[in-house]
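Inspection log for the structure reproduced underneath, given as structure tokens.
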Amino acid sequence: MASVSTVILGTGHYAPARILTNADLAKMVETSDEWILSRSGIRERHIAAPGEGTSDMAVAAARAALVNAKLAPDDIDLLIVATVTPDLTLPAVSCTIQHKLGLRTNAACFDLNAACSGFVYALDTACAMLASGRYRRAIVIGAEKLSAITDYTDRTTCVLFGDGAGAVVLGLSHEPGVGLLGTRLGAYGGSVDLLCVPRGGSSHPATAASIAAGDHFLKMKGKEVFKIAVRAMEEAARDILEQHHLRADQIGLVIPHQANLRIIESISQYLGVPMDRFYVNLDRYGNTSSASIPIALDEVRRAGRIKRGDYTLLVAFGAGLTYGSALIRW
Ligand code: UT7
């Protein structure tokens with residue numbers, strides 16, 4: 001069989017209309033615009049409307065990606081949704097999205113949870129499934145309603161997170177040397193307690209007491225996570241460049257997970273790739289977990305920042321503690 005590669009045929013994103021600024025948060029907890037901006041780089045984030053679910057945001061992003069790819073729902077036979085905030089604990093939100101998008105009922109669909117690295121994990125999974133020859137076109141979505149698991153009385157976390165969704169449509173190409181060239185995935189599974197929702201899972205089901213204690217909300221030991229994030233993202237980026245015999249200066253654009261501007265600046269320094277080749281939008285979105293990279297990818301494509309032949313490096317890090325990088329040639 002002639003070699004085939006997975007290519008991005010279209011991208012889309014969606015962000016809810018409501019914007020929560022640093023000044024708004026300063027009225028809710030003891031914080032300030034100065035602290036949030038200087039420690040994280042975030043100015044504002046989008047927050048879903050009451051009743052607006054992860055599936056609604058995902059569907060809007062996927063519809064935009066389908067239009068961008070000039071394809072119809074019937075053309076899709078695989079849907080993977082990366083999320084830590086599905087509409088319901090059971091069943092998978094991908095089933096709801098499959099239906100709302102009007103995909104065929106014989107389009108396979110499932111959720112994937114690799115937290116903020118979820119989109120990169122899902123991209124790799126879709127790529128392998130398409131390469132198997134059993135699927136022709138896929139939609140991969142990163143979608144999160146993090147406001148649903150954020151404790152708005154905890155200033156150490158509530159200033160960081162936002163809601164949104166990004167999507168890509170993937171297909172196969174016979175053109176050599178383009179598309180998703182490779183990924184490098186992993187996890188520091190010994191450190192799950194540094195970033196987690198402690199109660200509500202099967203090992204510790206929610207109780208009235210755990211809910212009263214706010215243990216159904218996301219908890220993070222920020223400083224420890226920060227250090228591992230910088231190391232893991234740098235390693236994942238460096239490894240994939242080495243695998244593909246590329247120098248840092250050959251990368252047209254790096255799209256990092258948008259958690260903290262200081263993390264991105266550290267990676268830029270360690271990799272020797274200047275900041276003007278890193279895409280940053282966390283000032284407008286905050287950390288949207290699995291949605292951050294596909295939202296950014298859509299913005300850069302629509303802004304014309306990607307040209308044919310360019311290399312783009314995606315690099316992510318999140319709860320788990322998962323990490324991953326992906327190398328794309330356009
Ligand atoms: O997306 C998944 C991966 N997540 C990440 O990569 C996030 C990684 N971590 C971070 O981005 C940073 O650690 C944070 C932005 C979360 C925190 O920044 P930091 O520089 O590590 O601050 P810190 O946690 O060491 O806190 C410094 C001080 C503390 O006060 P004391 O103990 O020095 O008196 C905090 O209580 O800042 C205080 N503080 C705040 N002050 C004002 C913590 N949160 C706030 C706040 N406003 N919102």
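Ignoring lysines fewer than eight residues from LYS219 along the same chain, the ones with Cα atoms less than 25 angstrom from its Cα are LYS27, LYS145, LYS227. Normalising the average separation of contacting C-alpha pairs (under 8 angstrom, six or more residues apart) by the number of residues puts the relative contact order of the chain at 25 percent. Descending by average beta-carbon neighbour count within 10 Å, the peptides 52-65, 16-29, 253-266 line up as 52-65, 253-266, 16-29, the highest first. Each Cα pair under 8 Å and six or more residues apart adds its sequence gap; the mean of these over the residue count of the stretch 5-176 is a relative contact order of 35 percent.
Taking the DSSP beta bridges in the chain as the whole, what percent of them are antiparallel, to the nearest 5? Just about 70 percent of them are antiparallel. Counting only protein heavy atoms and a 1.4 Å probe, tell me what percentage of the chain's accessible area is made up of carbon and sulfur. After summing per-atom areas, the C and S share lands at 54 percent. Springs between alpha-carbon pairs under 10 angstrom, Gaussian network model over the chain: which of THR153, THR125, THR11 fluctuates most? Looking only at THR153, THR125, THR11, the biggest GNM fluctuation is shown by THR153.
Measuring nothing but how far apart in sequence close Cα pairs (under 8 Å, 6+ apart) lie, relative to its length, the stretch 1-95 scores a relative contact order of 34 percent. On a per residue basis, the chain carries 42 Å² of accessible surface, using protein heavy atoms and a 1.4 Å probe. Taking 25 Å as the straight-line reach from the Cα of LYS307, the lysines in range (excluding those fewer than 8 positions away in the same chain) are LYS70. Reported to the nearest whole Å, the Cα centre-to-centre distance from the stretch 193-244 to the stretch 272-311 is 23.
The values are calculated or read from the model by the stated rules, or taken from the named source; none is laboratory data. Given the structure is predicted, the values throughout are model-derived calculations rather than measurements. Ideal geometry is used to build each Cβ from the backbone, glycine not excepted, and the neighbour counts take in all protein chains shown. Side chains are part of the model used for accessible areas, which takes the heavy atoms of the whole protein and leaves out ligands, DNA and RNA. Shrake-Rupley method; radii C 1.70, N 1.55, O 1.52, S 1.80 Å.
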